[in-house]
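Down below is the structure, laid out as structure tokens.
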Amino acid sequence: MFNGNRNRDDRAASAGSTAHSNARRGQFSVLGADIVITGNLVATSDLHIDGRIEGDVRCGSLVQGAESQIFGRVEAEDARLAGSVEGSVRARQLTIERTARITGDVEYETIMVEQGGHIDGRLKHIGGATATVAPPVLIKASEEAA
């Protein structure tokens, strides 16, 4: 009578070890506009945040909605920011959309800032043999010179 549950639990336990290694593949979590989280948020899945986070956010891939607010550090492999962030940002691939307002230092490997996107802080390139610190105007000037 209870054997069926035990078999299901055994299958879930064996699948759990492979699911953890593939946690980011195929998983996507959405935090709606009515969600407020106070505390740090760590996810192995990709995140879409439309709500308000009062704490640090760490995930694989982050998409932030235009009305979203994050008060804390953001760390992601890929980040597409459209709302406001008050805290530092670190991402390998970073896109700052035109509605984004970031107050804090930004570390990136590749960056794209849409016209109208706002960063009030220092930019720091990461990766490669050397790291450089340059304000947006110098980055644009060096691209034109190259």
Residue 93/residue 45 FRET efficiency (R0 25 Å; Cβ-Cβ; nearest 0.05):
0.90
Amide proton proximity set for residue 74, modelled H, under 5 Å, gap of 5+:
57, 88, 89, 90
Ordered by packing density, taken as the mean number of other Cβ atoms within 10 Å over each peptide's residues, highest first, how do 80-91, 31-42, 58-69, 115-126 rank?
80-91, 58-69, 115-126, 31-42
Full-extension gain in nm, residue 37 to residue 110, via 0.36 nm per residue minus C-alpha separation
23.4 nm
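All of the numbers you see were taken from the coordinates with simple rules; none came from a lab. The shown structure was predicted, so the numbers you read here are calculated from the model rather than taken from an experiment. Glycine also receives a Cβ, built like all others from the backbone with ideal geometry; neighbour counts cover every protein chain displayed.
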